[in-house]
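**Student:** Structure below; questions to follow.
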Amino acid sequence: MGLVVALALLGGVVFFAWQKSSSVGTDSPKTLTIEELYRQDNRLRPVLAECQFDGVFNADTTDIPAILASKLDAGAQLEPQRRARTDLAAMGDEAAEALRRVFDSAMGDKWRNGVVKNVLGVCALSESDFGIPIAMDGLRHSAPDVRGEALLVLSQHPRKEYYDAIEAVLPGFKLEVHLERAMRGLHACDPERFTRGVEGWIEIAGRRNGFIASVLVDTALPLAARSRDPKIAERFLELEAETDGLMHRHRSYLLAPSAALGNETSIQRLKDQLASDEPQVRFHTFQALEAAGRVDDGYVLVETGVTPSERATALGTLLDTSYDAKRTAEQVADVIALARRSLQDEAPEVREVALRGLVKRGDGEGLAHLMQLLQGDLEERALATRAMRDMLGDQPEAADQARSVLIAQWDNEVTGSQRPEVMISLLTALGAVPGEATGLFLADTAELLGENSVKGTSGFHWAVGQVFNAGPEARTVLRERIKTETQPLRRIDLIQFLWQDFSDESLSILLNILEDETKSGFERLYAADRLLRMGQPERVLPVMKRIHRTSGDQVLRSGLNCLLWAWFGPAVT
């Protein structure tokens, strides 16, 4: 760190120390012991609370899939159940047998429908298709909400042969969420067959005040609008002309296939509808144009849309579709030019979408505008921060430039006005700039801010959070800092953020803390609690059991006993 930066940081500490001292009374607070500090920390209170389980944990833990599957049953605590769902889904075929056993045991018990849904939820999360037989059985369940969960599994792993099974249960659904889910599942399984069925859904659709009121039609038409089949396009035109009670949105989607095939009349009608006084008509027309592959016809909505929301939505769609391989260089250039013009839109949400899209592309004008905003007022810097977050990971030169701009602003502020809102704004913006250099700057800032209050927490804790926000390379700094940090609650701060990284490196760091007998039992227990939330029970469980058996630290041993019961013991009924 350079001399200017070091002096700037010292200035920041002087400011925050003044801010804290100005709010403290004349009475000196009682000095707490380290144990008292641990016990008063809200992060440790849950693991130090009275345990609801009796006895020493000695359950058989050789079959991890079966143990995790048991957490889907009633009586399991919320966090172990959430983690079990994720871990079981990641196990794939290895978890199939255990999940099937739990599913079968609950299938005929009306009081355990939640268990059935939990199993189906795991099947839907998994990239493996092991859950298809379970989902097929779930479609035969008497409860609509269970059948709805089964639909998610089939939609995640669609095949043509599942179409009949989904169509068969469609009439049994009443709730809109289930009807929409079924329709999307049908489309995913067989788009062509689904599109051919649209006419039938229109024929049976109910009417309200003379207009079609049908969740099936409302869901089906936007999906079917992407058809490029000439016969479908022709038939949709006929339906649009001959069907009474169609809403404007229905007509837009029925026109889309023919517009995609170059029908000038359909194209012009859709363009005309973009000028409607009705926001919903404009929205659905733009969606129909996008489905037809004619998103460029919607440029007018970005520049003339009545509400900021529709201008931002249209611009975001144009920017997203500009990555389509079918887009020509000229079309991409037009989108970039439109985004550049939108940087001057009166609405912040439109400017943010425009800037984010340009920064993502590494556009020179967009990046220059970003740097300008980073040097602006609080609102401008906040917009720039949101726009660049997660966008600079593969643009190291732009990240370096943003970091330099912000650190220069920090130097000026802490050696000048020392306005707290500006200083917080600058550090928050740095949290959106990836790179190890960002992590080092913010970690050094955290050390110097120490216990001075920033946004309701200690300056150290808050600044460490910004290090975490700065991404994977910055987080390497946290992993190095915890190796040398000696202050007990600062170590808890570091653990609090490291576990959320979910990386193998961070998991190894926390395992080392758990095994380190020189560390406080309170810290080791908190590390164990966080490790359980990181997954990989095959790595974590053996270490926890061994330390539970051998540790002489009563706080650690008692806490581990309760964690083992909650995460790996039988459910409490």
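The values are calculated or read from the model by the stated rules, or taken from the named source; none is laboratory data. None of these values were measured; they are calculated from a predicted model. Here Cβ is always computed from backbone atoms with ideal geometry, including for glycine, and neighbour counts include all displayed protein chains. Remember, those area values only see protein heavy atoms, side chains included, never the ligands or the DNA or RNA. Shrake-Rupley method; radii C 1.70, N 1.55, O 1.52, S 1.80 Å.
**Student:** What about Gly535, is it assigned to a helix (DSSP H, G or I) and open to solvent by less than 40 Å² (accessible area, probe 1.4 Å)?
**Tutor:** no
**Student:** Kindly indicate which of Leu37, Leu44 is of a type outside the set (Ser, Thr, Tyr), buried (at least 17 other Cβ atoms within 10 Å of the Cβ) and modelled with pLDDT of 90 or more.
**Tutor:** Leu44 is the lone residue from the list that is of a type outside the set (Ser, Thr, Tyr), buried (at least 17 other Cβ atoms within 10 Å of the Cβ) and modelled with pLDDT of 90 or more.
**Student:** Are any of the residues in segment 316-331 acidic (Asp, Glu), in contact with a helix residue (DSSP H, G or I) (Cβ under 8 Å, 6 or more places away or on another chain) and not assigned by the TED database to the domain that holds Gly471?
**Tutor:** Scanning segment 316-331, I find no residue that is acidic (Asp, Glu), in contact with a helix residue (DSSP H, G or I) (Cβ under 8 Å, 6 or more places away or on another chain) and not assigned by the TED database to the domain that holds Gly471, so the answer is no.
**Student:** For segment 472-519, give me each residue that is over 19 Å from Glu451 (Cβ atoms), surrounded by 23 or more Cβ atoms within 10 Å (Cβ to Cβ) and not aliphatic (A, V, I, L, M).
**Tutor:** Ser506
A quick yes/no check of all residues on (1) out of contact with any Asp or Glu (no Cβ under 7 Å at 6 or more places or on another chain); (2) of a type in the set (A, V, I, L, M); (3) surrounded by 15 or more Cβ atoms within 10 Å (Cβ to Cβ); (4) part of a helix (DSSP H, G or I):
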{"site": "Trp111", "(1), (2), (3), (4)": "yes, no, no, yes"}
{"site": "Gly121", "(1), (2), (3), (4)": "no, no, yes, yes"}
{"site": "Ser128", "(1), (2), (3), (4)": "no, no, yes, no"}
{"site": "Val146", "(1), (2), (3), (4)": "yes, yes, yes, yes"}
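**Student:** Would you tally the residues in segment 262-292 being open to solvent by less than 10 Å² (accessible area, probe 1.4 Å) and not in a helix (DSSP H, G or I)?
**Tutor:** Total satisfying the criteria: 1.
**Student:** Can I ask one more? Where residues in segment 363-390 are touching a helix residue (DSSP H, G or I) at 6+ places or on another chain (Cβ under 7 Å) and not in a helix (DSSP H, G or I), which of them is most open to solvent (accessible area, probe 1.4 Å)?
**Tutor:** By that ranking, first place goes to Gln375.
**Student:** Hey, among Val302, Val306, which residue is crowded, with 22+ Cβ neighbours inside 10 Å, of a type outside the set (Gly, Ala, Ser) and either farther than 26 Å from Val215 by Cβ or at pLDDT below 90 (or both)?
**Tutor:** Val302
**Student:** Let me ask something else. Among residues belonging to segment 239-261 that are in a helix (DSSP H, G or I) and acidic (Asp, Glu), point out the one that is most open to solvent (accessible area, probe 1.4 Å).
**Tutor:** So, considering only residues that are in a helix (DSSP H, G or I) and acidic (Asp, Glu), the one most open to solvent (accessible area, probe 1.4 Å) is Glu242.
**Student:** Working only within segment 130-144, note down all residues that are assigned to a loop (DSSP other than H, G, I, E, B) and surrounded by 17 or more Cβ atoms within 10 Å (Cβ to Cβ).
**Tutor:** Phe130, Gly131, Leu139, His141
**Student:** Further question on the same structure: Among (1) of a type outside the set (Asp, Glu); (2) touching a residue at least 40 places away in the same chain (Cβ under 8 Å); (3) open to solvent by 70 Å² or more (accessible area, probe 1.4 Å), which single condition is Pro434 missing?
**Tutor:** Here Pro434 meets the rest and fails (3).
**Student:** For Arg100, indicate whether it is in contact with a helix residue (DSSP H, G or I) (Cβ under 7 Å, 6 or more places away or on another chain), under 16 Å from Val153 (Cβ atoms) and open to solvent by 40 Å² or more (accessible area, probe 1.4 Å).
**Tutor:** The answer is yes for Arg100.
To keep it simple, each residue is scored yes or no on (1) open to solvent by 50 Å² or more (accessible area, probe 1.4 Å); (2) out of contact with any Lys or Arg (no Cβ under 9 Å at 6 or more places or on another chain); (3) at pLDDT below 95; (4) not in a loop (DSSP other than H, G, I, E, B).
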residue	(1), (2), (3), (4)
Leu151	no, no, no, yes
Leu154	no, yes, no, yes
Tyr162	no, yes, no, yes
Ile166	no, yes, no, yes
Pro171	yes, yes, yes, yes
Lys174	yes, yes, yes, no
Arg184	yes, yes, no, yes
Arg193	yes, no, no, yes
Trp201	no, yes, yes, yes
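**Student:** Exactly one of (1) farther than 29 Å from Ile424 by Cβ; (2) in contact (Cβ under 8 Å) with a residue 40 or more places away in the chain; (3) not small (Gly, Ala, Ser) is unmet by Arg524. Its number?
**Tutor:** (2)
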